[in-house]
Amino acid sequence: MLTMKGKYGLKAMLHLAGTPAGKMVLSEEIARTNGISKKFLDAILGDLRNAGFIHARKGRNGGYVLSRPPEEIRVGHILRVLDGPLAPIPCASRTAYRRCNDCQDEERCQVRLAMLEVRNAISAILDEKTLAQFRSMGTELDDDLAELAINA
Amino acid sequence: MSASRIIIIGGGASGVLLAAQLLRTSGDRLKIALIERRGGIGRGIAYNTEEPDHILNTRVGSMSAYADDPEHFWRWIQASEAAKPFCVADTFCFVPRKLYRRYLEELVEPWLKHGGDGRLEIIHGECVDVTETDGGVAATLASGESHMGHIAVLATGHHVPSFSSGNALLHAWVSPEEAGIQEEAAVLILGTGLSMIDCAIQLINSGHRGPITALSRRGLLPLPHKRSQPIRIDPADIPFGTDPAYLLHWFRETVRWATERGGDWRDVVDGIRPYTRQIWQSLSPGGKQRFLRHARTFWEIHRHRLPPESDLRVRLALQSGRLEILAGRFLGMEQQGAGPQEGGSLTVRFRRRGSRAVESRSVNHVIDCTGILRDPADHGDALITSLLARGIARRDPLGIGIEVDGRCAVIDRQGTSRRRIFAVGPVTRAQFWEVTSIPDIRNQCAALGAEFAAQR
């Protein structure tokens, strides 16, 4: 499941991807622009920094910046750090597996087996998508609409 | 493009595996020329040993030459006369490396000129250059003769320093006799990994009685093999693209999780193994550098494990005081009097881990067993040196190999993939990281075979 944490983390990464390379962004600015509580955002940015996706600098001219170009950052990789191994239900994971309270046989539970397939499909899609591609998704729609308007 | 003649440069394990893979899967029209500078094939640094106690570091069950036929080596062992003297109860056993060399030699017999269909030509000589022409490639030997083909594949293996008897620093791949080490001599080995263990075992077997000391930054020895049951891991479980420190934390958490369920760290390492290439490729350039600097040793002692027999030998040597392990930093050495071969000595300076005091010790020989990760710009053979100088190939930014793309095509100075020059095996480690063991190399050879087949 995409949690609020995952959603806000992605938005923050997209925000950073939209700023000129090397320019530091304050967390206040990201919080304000995306309507996220600053306290929650700071915790998310801390996780992203621990994983090495962003760099942080304190003090004047400080802030956050992507550690790599957005073309090299995969959306699926960001979400794993924030939301764990992309499991739709807690037992649909191999290494961070959590058993359901009413579980009778995890190896044969059809719901779990189906959800494992689902999450592998999710990760296959999200691991192909870079942050840069994600960012241009909305703008491609604008281009399509513009083209439609021209051709109309 | 019709690739009916492929030139493979290097007849060590990588070159032989590739030749066999290509010949067995392609039609009758494909011919291969294998250029090897040593006397025979299969004699790269891993398998060019006569020492019976130099055994494979990988269990027999994983050493098949073919990715799609994992029992191939096991079947060969059961059928081969050469393997009779060795105890091979099941696929979890470790046989001498010279036996594996025999396997590599026999592997290509069906295609040799004598006794085979003649599609594989083994050319004895040192290849010093490869050039691309309009319709193909030309490989030039040191003798001046040249060989034409449609595609060239570099399988030049590990770039290790060449042995010269005048050098005070010996290297791991020379026998004690060749190096002129006296039985009583005090020996310092740099490194405490698998090469050091090979070297120490060979010294002890040759009747050496002098003190042997091994020095490395952390003084960590490879951990022993045990039967493992790899845990099942999906790509969705692995935190790709994160920093090595984060990955290491995840690895430890996963080991804890597996141990709670009655497993072992080996189950986790072996479960991750199919994804090591993807993990490596997902690291940032800085992350790769940090991995090499801080996490590589930790990874290698867990990943490249020691057969139980060798582990026992090392333990006995440590207990009896034949071998001493030091954790510390090697600072340098100075020669005292005559050269080591003439009975002179070397003063070695080092600093123990966690200490500031510089210590020195007098030894007769220093052997470099710091491993196979070397800069091709410094240690490359004549061919690699020439390709780098002409800009046909370029050194990767980490300085551990040459750059290739995901299809194993060599990348030139301009950053363009060469159409007709490819590479396999350890020389490609900057792109794939784990390409030093047979299971990884055979997968790479199978992928390259499919690539060539698609081009035809």
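The values are calculated or read from the model by the stated rules, or taken from the named source; none is laboratory data. All values reported here derive from a predicted model rather than from experimental measurement. Quick reminder, even Gly has a Cβ in these numbers, built from the backbone with ideal geometry, and neighbours come from all protein chains shown.
Being assigned by TED's automatic domain parsing to the domain that holds residue B:378 and either in contact with a His (Cβ under 9 Å, 6 or more places away or on another chain) or without any contact (Cβ under 8 Å) to a residue 24 or more places away in the chain (or both): is that true of residue B:193 here? It is false that residue B:193 is assigned by TED's automatic domain parsing to the domain that holds residue B:378 and either in contact with a His (Cβ under 9 Å, 6 or more places away or on another chain) or without any contact (Cβ under 8 Å) to a residue 24 or more places away in the chain (or both).
Is segment B:42-57 home to any residue that is in contact with a Phe, Trp or Tyr (Cβ under 8 Å, 6 or more places away or on another chain) and part of a strand (DSSP E or B)? Yes: segment B:42-57 contains one or more residues that are in contact with a Phe, Trp or Tyr (Cβ under 8 Å, 6 or more places away or on another chain) and part of a strand (DSSP E or B).
The set of residues in segment B:144-178 that are in contact with a strand residue (DSSP E or B) (Cβ under 8 Å, 6 or more places away or on another chain), part of a loop (DSSP other than H, G, I, E, B) and modelled with pLDDT of 85 or more comprises B:150, B:155, B:156.
Every condition in (1) among the small types (Gly, Ala, Ser); (2) over 20 Å from the mean Cα position of the chain (by Cα); (3) within 14 Å of chain A (Cβ to nearest Cβ) holds for residue B:295 except the one numbered (2).
If a residue must be more than 19 Å from residue B:297 (Cα to Cα) and either polar (S, T, N, Q) or in contact with a Leu (Cβ under 9 Å, 6 or more places away or on another chain) (or both), how many such residues does segment B:187-202 contain?
The qualifying residues number 4.
Just to be sure before I move on: is residue B:387 at pLDDT 90 or above and not charged (D, E, K, R) in the structure I sent? Against the criterion (at pLDDT 90 or above and not charged (D, E, K, R)), residue B:387 qualifies. Residue A:95 meets all of the listed conditions (1) hydroxyl-bearing (Ser, Thr, Tyr); (2) within 7 Å of chain B (Cβ to nearest Cβ); (3) in contact with a His (Cβ under 8 Å, 6 or more places away or on another chain) but one, namely (3). Of B:94, B:86, all but one fail to be surrounded by 14 or more Cβ atoms within 10 Å (Cβ to Cβ), without any contact (Cβ under 8 Å) to a residue 24 or more places away in the chain and of a type in the set (A, V, I, L, M, F, W, C); the exception is B:86. Put simply, of A:12, A:43, A:56 the only residue that is within 25 Å of residue B:282 (Cβ to Cβ), assigned to a strand (DSSP E or B) and more than 10 Å from every other protein chain (Cβ to nearest Cβ) is A:56.
Tell me whether segment B:213-228 contains one or more residues that are within 14 Å of chain A (Cβ to nearest Cβ) and in contact with a His (Cβ under 8 Å, 6 or more places away or on another chain). Checking segment B:213-228: not a single residue is within 14 Å of chain A (Cβ to nearest Cβ) and in contact with a His (Cβ under 8 Å, 6 or more places away or on another chain).
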